[in-house]
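Novice: Could you have a look at this structure, given as structure tokens, before my questions?
The values are calculated or read from the model by the stated rules, or taken from the named source; none is laboratory data. Here the structure is a predicted model, which means the values were calculated and not measured. Note that each Cβ is placed from the backbone with ideal geometry, even for glycine, and that neighbours are counted across all protein chains shown.
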Amino acid sequence: MKFLPIFLDLQAGPILLIGSGELVRAKLRLLLAADARVRWHATDGDYAIAGLDAAAASRIARVEGDPREADLRGVIAVLAAGAGEIGVDVAARARAAGLPVNVMDDLQHSSFIFPAIVDRGDVVVAIGTGGASPVVARRVRERIEALLPARIGDLASFIGRWRRSIHARIPEFPLRRRFWERVVDGPIGASVLAGRVDDAEASLKAISNPSAYAGAQTQGQVEGRVTLVGAGPGDPDLLTVKALRALQDADIVFYDELVSLEILDRARRDAARVPVGRRVGKPGIGQDAVNRLLIDAAKSGQRAVRLKGGDPFIFGRGGEEVEALRDAGVAYSVIPGITAALGAAAESEVPLTFRHEALRVTFLTAHRARDAETVDWSALTDTKMTVVVYMGITAASAIREGLLAAGRSPETPVGVFARATRPDAKSVVGTLDHLPTLVRQIDGGPAILVIGDVVSHSAPWRNSTLNQWISELQVAAE
């Protein structure tokens with residue numbers, strides 16, 4: 001972050017506003033909407049502004065004289081918009097006095113910037129791009145505007161009115177948080193969002209035992225649970241909405257080595273993060289130890305997320321963890337993720353199935369040569385079958401030999417897709433006969449291998465064919 005988003009208490013003192021034209025009037029309306037008191041130096045002497053009610057107009061002090069000599073006593077921030085060099089000069093004075101300063105569209109002379117704002121009363125969302133692109137910030141704001149319920153601010157106000165009372169009745173923080181989550185996500189919250197605040201008030205008053213409502217166990221502790229979450233192939237934008245919600249609710253996150261920091265940053269800020277995965281060639285803590293961590297976290301009343309790359313149930317040992325949780329009597333749920341094969345297929349336009357050409361798909365794993373040796377390759381020679389191999393980099397030669405020996409054509413199209421959907425993704429295509437050579441070109445994993453005629457429909461194959469055709473034309477021209 002280049003700028004830390006903060007919320008300024010505009011009741012603490014007046015804002016000094018300097019400038020003219022529609023730019024300064026836009027800032028003035030924004031400040032007045034936040035109940036600010038404003039000292040306004042109009043650099044062109046024009047203080048006219050339409051559409052203000054009497055209460056808003058009463059909070060504007062129109063100041064005459066040279067803005068460069070403006071009285072800074074008691075001022076909590078200085079804003080300049082449409083003020084030219086006068087704004088820069090006043091900003092220098094203000095910064096020397098230790099005041100926050102914003103000069104519109106001038107990062108050099110500003111100590112803070114204005115975000116794009118979503119205003120829902122007590123719920124305010126600020127979106128910034130570090131001053132780099134206000135247009136991008138506005139586009140993000142538009143998306144958030146579309147997602148947020150119109151009365152979400154009313155819900156925040158409703159909770160604020162009850163917060164002290166509930167705090168006194170539920171002193172334990174985890175239990176109290178669970179109570180408010182149930183209020184927000186349940187019928188009471190729905191009533192507020194529908195505009196039936198009186199109904200919501202009556203329902204909340206009717207709760208005689210808030211702790212029981214929050215789901216307390218007989219011992220008085222919050223019931224823990226485990227959620228197995230598929231993190232997808234790497235791009236944080238491919239997380240499901242449900243996965244994001246689980247990460248935001250988690251007290252602790254147990255994550256695999258391949259889960260990116262960008263995805264981990266979607267978890268709640270104060271959630272504990274515990275790495276438990278391993279990569280090829282590096283020791284891990286073992287599956288039994290992972291299972292025990294999950295069980296202990298849930299039994300201590302925590303909401304744990306087991307965050308796995310791809311999908312928990314596709315070579316992610318999710319089934320083993322579910323069995324361990326079930327045997328221990330721990331509540332659990334599973335949120336699927338986009339597995340690496342589907343991420344790579346979408347990114348490189350590989351249709352894993354194709355009418356009349358590829359009618360079946362087989363997923364298998366072979367991260368060591370001896371794994372490949374245990375595969376029945378004779379079952380994978382059907383030309384209408386797409387074979388997807390996870391963790392197949394080190395076993396590429398054994399995979400090639402196994403398929404060729406079983407009768408698969410050496411000219412079968414093959415794609416090696418590394419780090420799919422990530423910024424450093426790389427794809428290489430060719431034929432089965434050259435698979436080991438292709439693998440050496442991707443600069444490390446994780447990677448999947450896709451074997452079958454469908455690879456010839458992919459974007460990398462088309463680009464490779466086009467480049468070859470252009471090269472042949474150049475040779476012919478010479």
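Novice: State all residues of the range 427-467 that are among the small types (Gly, Ala, Ser) and closer than 16 Å to residue 340 by Cβ; if no residue qualifies, say none.
Specialist: Those that are among the small types (Gly, Ala, Ser) and closer than 16 Å to residue 340 by Cβ: 427, 444, 445, 447, 458.
Novice: Also, quick follow-up: Taking the range 20-59, which residues are touching a helix residue (DSSP H, G or I) at 6+ places or on another chain (Cβ under 6 Å) and either within 19 Å of residue 113 (Cα to Cα) or of a type in the set (Val, Ile, Thr) (or both)? Walk me through how you get there before you give the answer.
Specialist: Quick first cut of the range 20-59, residues touching a helix residue (DSSP H, G or I) at 6+ places or on another chain (Cβ under 6 Å) only: 32, 38, 41, 43, 49, 56.
Residues satisfying the conditions are 32, 38, 43, 49.
Novice: Tally time: how many residues in the range 330-371 are within 16 Å of residue 448 (Cβ to Cβ), among the aliphatic types (A, V, I, L, M) and in a helix (DSSP H, G or I)?
Specialist: 6
Novice: Oh, and also: Please work out which residue is nearest to the chain's Cα centre (by Cα), limiting yourself to the range 318-346 and to residues that are modelled with pLDDT under 90 and crowded, with 17+ Cβ neighbours inside 10 Å.
Specialist: Ranking the qualifying residues of the range 318-346, first place goes to 332.
Novice: A further question follows. For a quick check of your reading: which strands (runs of 3 or more DSSP E) sit entirely within the range 1-106 and have at least 1 residues that are under 37 Å from the mean Cα position of the chain (by Cα)?
Specialist: Where strands (runs of 3 or more DSSP E) fall fully within the range 1-106 and carry at least 1 residues being under 37 Å from the mean Cα position of the chain (by Cα), they are 15-19, 77-81, 101-103.
Novice: Right, another one. Quick check on residue 255: is it at pLDDT 90 or above and surrounded by 15 or more Cβ atoms within 10 Å (Cβ to Cβ)?
Specialist: Criteria met by residue 255.
Novice: For residues in the range 159-183 being free of Cβ contacts under 8 Å to residues at least 40 places away in the same chain and touching a helix residue (DSSP H, G or I) at 6+ places or on another chain (Cβ under 7 Å), which is surrounded by the fewest Cβ atoms within 10 Å (Cβ to Cβ)?
Specialist: 167
Novice: Just a yes or no: is a residue in the range 146-155 of a type in the set (D, E, K, R), at pLDDT 90 or above and within 30 Å of residue 201 (Cα to Cα)?
Specialist: Among the residues of the range 146-155, at least one is of a type in the set (D, E, K, R), at pLDDT 90 or above and within 30 Å of residue 201 (Cα to Cα), which makes the answer yes.
Novice: Same structure again: From the list 154, 199, 119, which one is assigned to a helix (DSSP H, G or I), surrounded by fewer than 17 Cβ atoms within 10 Å (Cβ to Cβ) and in contact with a helix residue (DSSP H, G or I) (Cβ under 8 Å, 6 or more places away or on another chain)?
Specialist: Just a single option satisfies the conditions, and that option is 199.
Novice: Just one of (1) buried (at least 17 other Cβ atoms within 10 Å of the Cβ); (2) closer than 29 Å to residue 394 by Cβ; (3) out of contact with any Lys or Arg (no Cβ under 8 Å at 6 or more places or on another chain) trips up residue 312, so point out which.
Specialist: Going through (1) buried (at least 17 other Cβ atoms within 10 Å of the Cβ); (2) closer than 29 Å to residue 394 by Cβ; (3) out of contact with any Lys or Arg (no Cβ under 8 Å at 6 or more places or on another chain) one by one, residue 312 breaks only (3).
Novice: For the subset of the range 440-474 comprising residues that are assigned to a helix (DSSP H, G or I) and among the small types (Gly, Ala, Ser), which member is modelled with the lowest pLDDT?
Specialist: Going through the qualifying residues, I end up with 471.
Novice: Something else: Is it the case that the range 279-301 has a residue that's more than 23 Å from residue 390 (Cβ to Cβ) and either at pLDDT below 85 or in the same structural domain as residue 174 (by TED's automatic domain parsing) (or both)?
Specialist: yes
Novice: Please work out if residue 421 is surrounded by fewer than 16 Cβ atoms within 10 Å (Cβ to Cβ) and within 22 Å of residue 464 (Cα to Cα).
Specialist: Working: surrounded by fewer than 16 Cβ atoms within 10 Å (Cβ to Cβ): no; within 22 Å of residue 464 (Cα to Cα): yes.
It is false that residue 421 is surrounded by fewer than 16 Cβ atoms within 10 Å (Cβ to Cβ) and within 22 Å of residue 464 (Cα to Cα).
Novice: Residues of the range 218-238 being surrounded by 22 or more Cβ atoms within 10 Å (Cβ to Cβ), closer than 17 Å to residue 345 by Cα and at pLDDT below 90, which ones?
Specialist: Matches in the range 218-238: 234 only.
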